[in-house]
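See structure below.
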Amino acid sequence: MEEPRSALVTLTTERLVLRAPLESDVDAVLAACQDPDIQRWTVVPVPYRREDAEFFVRTLAPQGLASGNEFIWCVVERETGRLVGTQAVTRGPGDPGAGSVGWWTAPEQRGRGYTVEAARAVARWALTDLGLRRLQWLAYVGNEGSRAVAERVGYRHEGTLRSYAEQRGAFRDAWVASLLPSDLA
């Protein structure tokens with residue numbers, strides 16, 4: 001297993017920079033996570049408070065990186081530095097060769113292809129540089145936006161897992177898809 005990293009690798013695409021969350025991101029993360037769709041389709045706390053955004057930036061992201069099992073990026077526009085959303089790769093404790101991905105996009109940034117662009121960069125990094133053999137995408141059934149991103153990146157739909165994914169104390173059905181190194185375009 002790879003040694004824990006001290007700094008998150010910065011990924012750059014044509015229009016975006018994916019970097020570690022910074023203290024200066026707290027306000028933008030707080031604003032984005034007020035969005036009803038982010039709250040509906042993710043596990044962010046509801047209501048989402050300032051202390052939740054501070055915990056995300058100051059504790060969750062750094063501790064995940066220190067463990068070597070969770071890599072969380074803030075995605076920002078290259079030209080403006082405005083927050084687009086987040087991307088994450090989490091390695092499961094039972095299978096260090098596999099990882100799960102997740103993302104959310106600020107409402108005002110949707111429809112520009114940014115999340116697909118960022119998810120491709122993360123997938124390439126995870127399947128090449130990190131050396132994972134499989135990435136898995138899960139989303140609650142009905143999250144068509146996330147599903148469209150996964151499909152555009154090349155994830156292959158594998159099925160529906162019934163009563164699988166927990167969200168605030170309730171188990172929901174989830175779609176699952178995977179991406180292998182051989183799937184990279």
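Would you call Ser163 surrounded by fewer than 16 Cβ atoms within 10 Å (Cβ to Cβ), within 25 Å of Pro47 (Cα to Cα) and polar (S, T, N, Q)?
For Ser163, the condition - surrounded by fewer than 16 Cβ atoms within 10 Å (Cβ to Cβ), within 25 Å of Pro47 (Cα to Cα) and polar (S, T, N, Q) - is met.
Do you know which residues across the range 100-125 are among the small types (Gly, Ala, Ser), under 28 Å from Ser163 (Cα atoms) and either free of Cβ contacts under 8 Å to residues at least 12 places away in the same chain or outside any strand (DSSP E or B) (or both)?
Listed by number, the residues that qualify are Ala106, Ala119, Ala123.
Give me the pairs: first residue in the range 37-59 and under 21 Å from Glu166 (Cα atoms), second residue open to solvent by 40 Å² or more (accessible area, probe 1.4 Å) and of a type in the set (S, T, N, Q), beta-carbon distance under 8 Å, and six or more apart or on different chains, which are they?
From residues that are under 21 Å from Glu166 (Cα atoms), the pairs are Tyr48/Gln34.
Given the structure, is Gly97 more than 18 Å from Ala31 (Cβ to Cβ), open to solvent by less than 40 Å² (accessible area, probe 1.4 Å), of a type outside the set (S, T, N, Q) and in a strand (DSSP E or B)?
Criteria met by Gly97.
Regarding the range 131-147, can at least one residue be identified that is of a type in the set (A, V, I, L, M, F, W, C) and surrounded by fewer than 16 Cβ atoms within 10 Å (Cβ to Cβ)?
Looking through the range 131-147, at least one residue is of a type in the set (A, V, I, L, M, F, W, C) and surrounded by fewer than 16 Cβ atoms within 10 Å (Cβ to Cβ).
Looking only at the range 113-146, filter to residues that are β-branched (Val, Ile, Thr) and within 12 Å of the chain's Cα centre (by Cα); which one of those is farthest from Gly85 (Cα to Cα)?
Residue satisfying both the conditions and the ranking: Val122.
Hey, can you tell me all the residues within the range 67-89 that are modelled with pLDDT under 95 and surrounded by fewer than 16 Cβ atoms within 10 Å (Cβ to Cβ)?
Scanning the range 67-89 gives Ser67, Gly68.
The values are calculated or read from the model by the stated rules, or taken from the named source; none is laboratory data. Small disclaimer: the values here were computed from a predicted structure and weren't measured. Here the Cβ is made from the backbone with ideal geometry for all residues, glycine too, and neighbour counts use every protein chain on show. Heads up: the accessible areas ignore ligands, DNA and RNA and are worked out on the full protein's heavy atoms, side chains in. Shrake-Rupley method; radii C 1.70, N 1.55, O 1.52, S 1.80 Å.
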